[in-house]
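S.K.: This is the structure I want to talk about, given as structure tokens.
The values are calculated or read from the model by the stated rules, or taken from the named source; none is laboratory data. The structure presented is a predicted model; accordingly, all values stated were derived computationally and were not measured. Cβ placement follows ideal geometry from the backbone for every residue including glycine, while neighbour counts extend to all protein chains displayed.
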Amino acid sequence: MKIDRLIGILSILLQKEMVTAPELAEHFEVSRRTINRDIEALCKAGIPIQTTQGVGGGISIMSGYRMDRTILTSRDMQMILAGLRSLDSVSGSGYYGQLMEKIQAGSSELVSGRESILIDLSSWYKNTLSPKISMIQDAIENRNLLKFKYFAPSGESERTIEPYYIVFKWSSWYVYGWCKKRKDFRLFKLNRMDNVKVSDKTFECRNVPLPDMSAELMYPRNIKVKALFDADMKWRLVEEFGTKCYSETEDGMLLFTADYSDMDNLVSWMLTFGDKVEVLEPVEVRERLKEMADKMIKMYGKKKS
């Protein structure tokens, strides 16, 4: 669409001091004549565009010009503020709150009306989480190494990393960086990190790939699960796996089928249902649940001395 191309041309002109018509034509896959008409349209809209001929010439916006904020719509501004509020919910510094005030004060005509999106990223661990996020942000910006003790299923270890990104994924916060111990990029869950310290030592920024947070990579689902749930557990199955994860049997039970990613987590998850579920497959989960039940019977069957 022409309007999308005009906005794209304007965005490029705001970022670059000078650009040529052939470059714009190639970028937008249109003719040079079309670009010339677009530049004329922008001029008519009040954008002070100037063109210079000869070697080193091209198209540019007049020096000193500043875009009017109204290039953003009211909805655009509401989305920006919603994003800032979500970050403010986990920030311990008040920076994002101050930034929202600045934007609102300078764009009051764009932020009128009722808020339609509210996002709260805070957790029950906000008091310990927010200082970690702030500390890691400082380390990333200043290119300082980060040291911490990490608690993983395989055990505890001391880690030193080059931090590059703070990542939020599915209710959890992570730091993504180059691990000195593993000699590779790793994700570390913030709630498993303790004694976090910013080192005085700095590092040279690597060519960093974006972290792959796809569910298929982080939680490969290779365990086939089949279980019978009581009907009053339907709300939990729908909440966690959706309405397609079960079928109702003739006696009113819920036959649950799904692919799961981790055997230990699967056993723990089934335990949260108590006697409201019977695992049919895999057999290993049935056996582990039976062993745990036998141990609990012995434990709670003992008389207190």
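S.K.: Right, Cys205: within 24 Å of the chain's Cα centre (by Cα) and at pLDDT 95 or above or not?
M.R.: no
S.K.: Something else: Which numbered condition trips up Thr257, out of (1) more than 26 Å from Pro153 (Cβ to Cβ); (2) touching a helix residue (DSSP H, G or I) at 6+ places or on another chain (Cβ under 8 Å); (3) surrounded by 11 or more Cβ atoms within 10 Å (Cβ to Cβ)?
M.R.: Checking Thr257 against (1) more than 26 Å from Pro153 (Cβ to Cβ); (2) touching a helix residue (DSSP H, G or I) at 6+ places or on another chain (Cβ under 8 Å); (3) surrounded by 11 or more Cβ atoms within 10 Å (Cβ to Cβ), the one that fails is (2).
S.K.: List the helices (runs of 4 or more DSSP H) inside region 1-44, counting only whole elements, that have at least 2 residues being under 14 Å from Ile59 (Cα atoms) and in contact with a Gly (Cβ under 9 Å, 6 or more places away or on another chain).
M.R.: Passing ranges, in order: 21-28.
S.K.: Criterion first (farther than 17 Å from Lys147 by Cβ, at pLDDT 95 or above and surrounded by fewer than 17 Cβ atoms within 10 Å (Cβ to Cβ)) does Lys226 satisfy it?
M.R.: Details: farther than 17 Å from Lys147 by Cβ: yes; at pLDDT 95 or above: yes; surrounded by fewer than 17 Cβ atoms within 10 Å (Cβ to Cβ): yes.
Judged against the criteria, Lys226 is a match.
S.K.: How about region 45-66: which of its residues are part of a loop (DSSP other than H, G, I, E, B) and not aliphatic (A, V, I, L, M)?
M.R.: Gly46, Pro48, Gln53, Gly54, Gly56, Gly57, Ser63, Gly64, Tyr65, Arg66
S.K.: Do we find a residue being in contact with a strand residue (DSSP E or B) (Cβ under 7 Å, 6 or more places away or on another chain) and outside the structural domain of Ser130 (by TED's automatic domain parsing) anywhere in region 201-209?
M.R.: no
S.K.: Further, regarding this structure: So which residues in region 242-297 are free of Cβ contacts under 8 Å to residues at least 24 places away in the same chain and polar (S, T, N, Q)?
M.R.: Thr243, Ser247, Thr249, Asn265, Ser268, Thr272
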